[in-house]
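Here's the structure, in structure tokens; my notes come after.
The values are calculated or read from the model by the stated rules, or taken from the named source; none is laboratory data. All of these numbers come straight from a predicted model, not from anything done at the bench. Cβ placement follows ideal geometry from the backbone for every residue including glycine, while neighbour counts extend to all protein chains displayed.
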């Protein structure tokens, strides 16, 4: 069976960086994220047995969502300035995957989520997405699943449609309606003031969609009805901001995304000097000298 593994690069790098000590190379550049990223990838490859692989990163340019809502992700801009050690490793990872002949997808004006959604739609095989981002739960269906960390980098779980309902209280196809009601503090968009997860879950269980909630305002208790009426524009805006686009300007090509062979992966790990990761693949202790482990020195 063919299975495409798609890596949400920014989400995985962020988690990998904070899960490990502050490792740096001889030049003082942070490298823990690269190691942790590849460690998580090897675990996923061992457990999921994918036949194809694609890596997706955010584009540094503003996206259509920033045009739609000026406050979008303003809190993350502050985070990005503070944590340049993390995002400086993106270029290193791009070099690593270029050497492994694994395609890295980026689309200016679109987020990684949109690129992942587009690739997932285009791919004919089963898709598993490595991510810690719950926004991607809206993509889950009978073909697409998520592979998400419960804690750290080692305790992972497959999230299918049943798991989405269990964890979020709504179905995967209701995630954007849920976000329309409750908003998203991490992306800094509002939702409806005074509506929390439990109330949103009850409303969507009763009416199905955000549009149907507003069509049935007369049936909602007065206090809640007033909140919803006052927050209508914010709800519709938040729903639009939460919606992952499936038409990003990228093209999935199966032949480009074949999993690299063991020899290729080990060769790159040798250049990185990652002895423990080499042992996980080969089962043998790697003996490296300084001339070999030089990729980011």
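Within the range 218-230, residues that are in a helix (DSSP H, G or I) have Cβ atoms under 7 Å from residues that are exposed (fewer than 13 other Cβ atoms within 10 Å of the Cβ) in these pairs: 227/193, counting only partners at least 6 apart in sequence or on another chain.
Against the list (1) modelled with pLDDT of 75 or more; (2) assigned to a helix (DSSP H, G or I); (3) exposed (fewer than 12 other Cβ atoms within 10 Å of the Cβ), the condition residue 78 fails is (1).
For (1) free of Cβ contacts under 8 Å to residues at least 60 places away in the same chain; (2) closer than 18 Å to residue 65 by Cα; (3) assigned to a helix (DSSP H, G or I); (4) out of contact with any strand residue (DSSP E or B) (no Cβ under 9 Å at 6 or more places or on another chain), each residue gets a yes or a no:
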residue	(1), (2), (3), (4)
175	no, yes, yes, yes
179	no, yes, yes, no
191	yes, yes, no, no
195	yes, no, no, yes
199	yes, no, yes, yes
203	yes, no, yes, yes
206	yes, no, yes, yes
211	yes, no, yes, yes
214	yes, no, yes, yes
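Of all the strands (runs of 3 or more DSSP E) wholly in the range 119-161, which have at least 1 residues that are within 11 Å of residue 6 (Cα to Cα)?
Ranges flagged: 126-130, 144-151.
Residues that are more than 26 Å from residue 143 (Cβ to Cβ), buried (at least 18 other Cβ atoms within 10 Å of the Cβ) and more than 22 Å from the chain's Cα centre (by Cα) within the range 182-206 comprise 192, 195, 200, 203, listed in sequence order. Which residues, counting only those in the range 12-31, are within 28 Å of residue 114 (Cβ to Cβ) and either in a loop (DSSP other than H, G, I, E, B) or touching a strand residue (DSSP E or B) at 6+ places or on another chain (Cβ under 8 Å) (or both)? Scanning the range 12-31 gives 12, 15, 17, 30.
Condition first: within 25 Å of the chain's Cα centre (by Cα), more than 30 Å from residue 179 (Cα to Cα) and part of a strand (DSSP E or B). Can you find one or more residues in the range 259-270 that meet it? No - not one qualifying residue is present in the range 259-270.
Of 90, 102, which residue is within 23 Å of residue 266 (Cα to Cα), at pLDDT 80 or above and in contact with a strand residue (DSSP E or B) (Cβ under 6 Å, 6 or more places away or on another chain)? Outline the logic, then answer.
On the way: 90 fails: in contact with a strand residue (DSSP E or B) (Cβ under 6 Å, 6 or more places away or on another chain).
When all the criteria are applied, what remains is 102.
Each residue in the range 91-133 was checked for being over 20 Å from residue 43 (Cα atoms), surrounded by fewer than 20 Cβ atoms within 10 Å (Cβ to Cβ) and within 16 Å of the chain's Cα centre (by Cα), and 2 of them qualify.
Looking only at the range 4-58, residues that are modelled with pLDDT of 90 or more and on the phi > 0 side of the Ramachandran plot come to 1 in all.
Matching residues to (1) touching a strand residue (DSSP E or B) at 6+ places or on another chain (Cβ under 9 Å); (2) under 24 Å from residue 111 (Cα atoms); (3) modelled with pLDDT of 90 or more:
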| position | (1), (2), (3) |
| --- | --- |
| 225 | no, no, yes |
| 238 | yes, yes, yes |
| 242 | yes, yes, yes |
| 247 | no, yes, yes |
| 250 | yes, yes, yes |
| 279 | no, no, yes |
| 288 | no, no, no |
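Please work out if residue 154 is modelled with pLDDT under 85 and either surrounded by fewer than 15 Cβ atoms within 10 Å (Cβ to Cβ) or farther than 29 Å from residue 234 by Cα (or both). So residue 154 fits the description; yes.
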